[in-house]
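Each remark here refers to the structure printed beneath this line.
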Amino acid sequence: MSIFDWLHRAEQAKANEVQAPAPEGPGLRSDVIAALRTIYDPEIPVNIYDLGLIYGLDVDEEAGKVAVRMTLTAPGCPVAASFPRTVQCVIEDVAGVSEASVELVWEPQWSAARMSEAARLELGLL
C-alpha cells in the first residue's frame, strides 16, 4: 500500500468517524489525548488512542513534558520506523507541550481486546 492509499483511507475514516467521548476535565492530558485521536493506524481506519495502541501516557502538566509508550498492531507494520516520530510531532504541536518522547514497545502484544467500545462500533465488532 502506498502512502497515498494510506492517507486516502485515513481521510475516509475521519469522515466516517464515530466520535468517542472526550477525555474528562480540561488540561494538557486531555489535549494530548485529543491530538492522539487525530492519528490513524496505517492498516486499520481507527485512531491510535481508541485502537488501544497507547500503552502509557505520562503528562507533566507544569513542565509540559509528555512521554508515550505505544505499540503497533503488528511488528511488520510498514511504518514501524517512522510512525513514532509522526506521533511525537503531533504531540509537540499541542499547546503547552514543551517536550515529547515516544517509545515503541512490543510487549504486551497488541490485541483487539485493547480497543475502545467506540473503535469496536466503528469496525462493526459490536
L126 and S111 label points (each 7 Å along its Cα→Cβ direction) are spaced in nm at 2.0 nm
Bounding extents of region 56-126 in its principal axis frame from Cα atoms, largest first in Å, are 39, 26, 20
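Read-outs: derived from the displayed coordinates by stated rules, not from any lab. As the structure is a computational prediction, the values presented were derived from the model and not from experiment. Heads up, the Cβs are rebuilt from the backbone with ideal geometry, glycines too, and the neighbour counts pull from every protein chain shown.
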